[in-house]
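> Just dropping this structure here.
The values are calculated or read from the model by the stated rules, or taken from the named source; none is laboratory data. These numbers come from a predicted model, not from an experiment. Cβ atoms come from the backbone with ideal geometry, glycine included; neighbour counts cover every protein chain shown. Each accessible area value is taken on the protein alone, full model and side chains, heavy atoms only, with ligands, DNA and RNA left out. Shrake-Rupley method; radii C 1.70, N 1.55, O 1.52, S 1.80 Å.
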Amino acid sequence: MKFTVDRAVLLKALAHVQSVVERRNTIPILANVLIEATQQGVLRLIATDMEIAVQEEVPGVTVARAGRTTAPAATLYEITRNLPDGARVELDHPGGDAPLALRAGRFATSLTVLPVEDFPSMTEGRLPTSFALKAGVLRDLIDRTKFAISTEETRYYLNGIYMHATTVDGAPVLRAVATDGHRLARVEEPLPEGASGMPGVIIPRKTVNELRKLAEETQEDIALSLSDTKIKFAIGTVTLVSKLIDGTFPEYDRVIPRGNDKVLSVDKKAFSDAVKRVAAISSERSRPVKLSVDRNLLVLSAASPEQGQAQEELDGDVVEYTATPLEIGFQARYLSDITDQIGEKVVFYFADGSAPTIVKDAAKDEALYVLMPMRV
Amino acid sequence: MGALCRDCFWTGAAGATGAACATGATAAGPCPVCAGRRVVRHAEVLTLALAHVDCDAFYASVEKRDRPELLTRPVIVGGGTRGVVAACCYIARTRGVRSAMPMWKALAACPDAEVIRPDIGKYVREGRRIRELMESLTPMVQPLSIDEAVLDLRGTEALHGAPPAAVLARFARRVEQEVGVTVSVGLAANRLMAKLAAERDKPRGFSVIGAAEAAGWLAPQPVGLLPGIGPAMEKRLVGAGFATLGQLAALDAREAARRFGDEGPALAARARGEDARSVDPARGTKSVSAETTFDADMTDLEALERPLWRMCEKLARRLREKGLCAGGVVLKLKTAAFASRTRTVRLPGATLLPEVIFAAAQGLLRREADGTAFRLIGVGAQPLLPADRADQADLADPGAPRRVAKWRAVEALRARFGDDAIGAGRGFPPKR
């Protein structure tokens, strides 16, 4: 295999695939990226951790000799990143166990390779459901739910975003849900064509993170195809195939409260800034911020036995509340995670000081958040 | 040289007292006041203030108190032919019976022993009475088990008008008179040495190891003497050429770390008799558990789940009694070949529900029930959390409120009609 490619092109392609590679690997081949150059002038890069495989195809490469090999992904990326702008990079692998030579200008290196036959191939199988989402829509679905994904290993079925088709008031929607037991995020988009028969799937956290990075760069449609065990995303020249979490997502609808009738609406910026200031009193992340709500008045406060206490008042200029007074506590970070996804105005729907609370963006009905209060 | 009479609580500087001095009986002999023979003489006896108090053969002593006809007979407290010895009196010990020994082995060594089924409730009550006596001496009491505690008596001399040693001797007498069991007291400069001192002179002992002599006293002792060095560790140490604590003590921190890893320097320090742990009254209970030994070994997962469920119910009850709940679950198994297996799992949320404890323990058990025959199953709670943290609402567990309500209903029925009024089917043997 021998080909020449622009440094920028190679770097971009490597960046797309290399982050899938785990930093610590017990299986050496998983640290490598598969590099293939075809007669047609296409460079193909593949990296996998056996759960996710990312493939990038770069057309228009000058291929002198077609062939395939595997080389350490992190090293190759690091070298390419440090080559000068505008450099032409030549990769040359004579075959077999011989090292892979990389030359660019006066720089030359040789990298140890591992046999292509050892590289695990991830077969995607049959993916009966296919549909397309705008990149912006997919980004929204991810951003508004990702923070609520659980990291707790015993309930592995919470370690991802649950995506499924359902109907809301008769209208079909695509719904994304994530929860860690303390908070829940539920976002809906109109159901895209072709998605109606889709099975409910749990997309693992790492896949979500990779996907989010890949979706950042494009405005095009992203093509999804899935079965109940695998999902494939085609984003421009990149293809991501991932296993899905094999588990049953909880019946989350049963924990979303109905009839929370005490409504507080508050300016988002004023609120989230106040939360940050008040919460700064405590270095302990799990300490609650207390919300004391009265007629058109919201007092945020926090106390720490070591550091003292802090409070801030938000009044009628930014607060609207007419129901009975209420006190309730939430973990500061949980509040910030949600307000980060909200535009101008945050709306809270309380039942009482100890029951789950609903949070929404006043201008957007498609996203709903549920927060468990903490004792204060 | 200080001296303390354990009978009349006289304290003085042995050698300076007129009578003793005149006869030249400075370092030995009876008490100059009451002529009692139980005199403790030690350079530091009147200044040391850290004590380890341990009841002697506690369960067996309580039983002997209640059945005086057993006073001269070997008594073993334990369960069934398949159980283990929970406690044995000193007569039984002379025949080779030891605590935690399997019952059949104990009975082989001592066939005429009186075997008594343990009545834990009674021991807890008596243990509590002893603890109250301790707490009347100082608030700085850290219970280590039902019948064992460490006391920090520093700063109490003015209050009691006597040095800690005399206060402890008086306390030992009160326990004998009021509770009817004997205790052994170890007095030293730190917790480690106090424990070793208490063990050195049992039963009804009073032993002092001074700060000055700690290292010297430890040096010739076998490494297994040190709490925390079990048989496996001892074997490893002896294999590495460390048979005595003196050899361990000689290691500098770096060498100790090189040989024994992160724990090495602490190990060497303890071998020198150093221990910086303080007495912390808040750190009472470290674990709560329940376990049972089977009449016949069990292999089958389904069969094992029945006693597991019963232990989960028992554990939940014990937790509630102590005002605690489980943040995680420990499964303990002992194979027919006496190998212990413990497996732990953290719970997503703390609980007091037997059902939730069971589900977690069951998950652990499934991985262990691989055809191995087991003789014992147990379940414990770790970490322990305050009971008010239990069973809080969980957005990822829509079934939780119903489970809590169901368990409350079960408890209400039991409170009214007795524990046997209602129970989960999984606790009962299958119909034939």
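Results for (1) closer than 30 Å to B:Cys88 by Cβ; (2) modelled with pLDDT of 90 or more; (3) in contact with a Phe, Trp or Tyr (Cβ under 9 Å, 6 or more places away or on another chain); (4) in a strand (DSSP E or B), shown as yes or no for each residue.
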{"residue": "B:Leu4", "(1), (2), (3), (4)": "no, yes, yes, yes"}
{"residue": "B:Gly15", "(1), (2), (3), (4)": "no, no, no, no"}
{"residue": "B:Ala27", "(1), (2), (3), (4)": "no, no, no, no"}
{"residue": "B:Cys31", "(1), (2), (3), (4)": "no, no, yes, no"}
{"residue": "B:Val53", "(1), (2), (3), (4)": "yes, yes, yes, yes"}
{"residue": "B:Tyr59", "(1), (2), (3), (4)": "yes, yes, yes, no"}
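> Residues B:Cys325, B:Cys312: which one is assigned to a strand (DSSP E or B), touching a helix residue (DSSP H, G or I) at 6+ places or on another chain (Cβ under 6 Å), surrounded by 20 or more Cβ atoms within 10 Å (Cβ to Cβ) and not aliphatic (A, V, I, L, M)?
Only one candidate passes the filter, namely B:Cys325.
> Further, regarding this structure: Of the residues B:Gly216, B:Gly230, B:Gly186, B:Gly241, which is closer than 30 Å to B:Glu126 by Cβ, surrounded by fewer than 15 Cβ atoms within 10 Å (Cβ to Cβ) and not charged (D, E, K, R)?
One residue alone meets the criteria, B:Gly230.
> Is it true that A:Ala165 is open to solvent by 10 Å² or more (accessible area, probe 1.4 Å), farther than 21 Å from A:Val54 by Cα and not in a loop (DSSP other than H, G, I, E, B)?
Taking the combined requirement at face value, the residue satisfies it.
> What number of residues within region A:164-207 satisfy the criterion of being in contact with a Gly (Cβ under 6 Å, 6 or more places away or on another chain) and within 14 Å of chain B (Cβ to nearest Cβ)?
Looking only at that region, the number is 1.
> Please go through (1) of a type outside the set (Asp, Glu); (2) open to solvent by 60 Å² or more (accessible area, probe 1.4 Å); (3) assigned to a strand (DSSP E or B) for B:Gly378 and return the number of the only condition it doesn't satisfy.
With (1) of a type outside the set (Asp, Glu); (2) open to solvent by 60 Å² or more (accessible area, probe 1.4 Å); (3) assigned to a strand (DSSP E or B) applied to B:Gly378, the lone miss is (2).
> Of all the residues that make up region B:359-392, how many are within 26 Å of the chain's Cα centre (by Cα), more than 25 Å from A:Met374 (Cβ to Cβ) and away from chain A (no Cβ under 13 Å)?
So the answer is 7.
> Limited to region A:143-156, what total is found for residues that are modelled with pLDDT of 95 or more, in a helix (DSSP H, G or I) and open to solvent by 10 Å² or more (accessible area, probe 1.4 Å)?
Total satisfying the criteria: 3.
> Identify the residue in region B:322-353 that is farther than 20 Å from B:Arg403 by Cα and charged (D, E, K, R) and, among all such residues, is farthest from the other protein chains (Cβ to nearest Cβ).
B:Lys334
> I'd like the residue in region A:8-26 that is open to solvent by 70 Å² or more (accessible area, probe 1.4 Å) and within 15 Å of A:Val54 (Cβ to Cβ) and, out of all such residues, is modelled with the lowest pLDDT.
Residue satisfying both the conditions and the ranking: A:Glu22.
> Sort out which residues of region B:399-432 are surrounded by 10 or more Cβ atoms within 10 Å (Cβ to Cβ) and of a type in the set (Asp, Glu), and write them in order of number.
Passing the criteria: B:Glu411, B:Asp419.
> Here's another thing I want to ask about it. Say we look at region B:83-104 and pick out the residues that are modelled with pLDDT under 90 and surrounded by fewer than 17 Cβ atoms within 10 Å (Cβ to Cβ); which of these is farthest from B:Leu376 (Cα to Cα)?
This residue is B:Trp104.
> OK, next. Which residues, taken from region A:239-254, are assigned to a loop (DSSP other than H, G, I, E, B), free of Cβ contacts under 8 Å to residues at least 24 places away in the same chain and at the interface with chain B (Cβ under 9 Å from one of its Cβ atoms)?
A:Glu251
> Counting only residues that are open to solvent by 50 Å² or more (accessible area, probe 1.4 Å) and closer than 30 Å to B:Pro430 by Cβ, which one in region B:265-297 is modelled with the lowest pLDDT?
Among those residues, the one meeting the criterion is B:Asp295.
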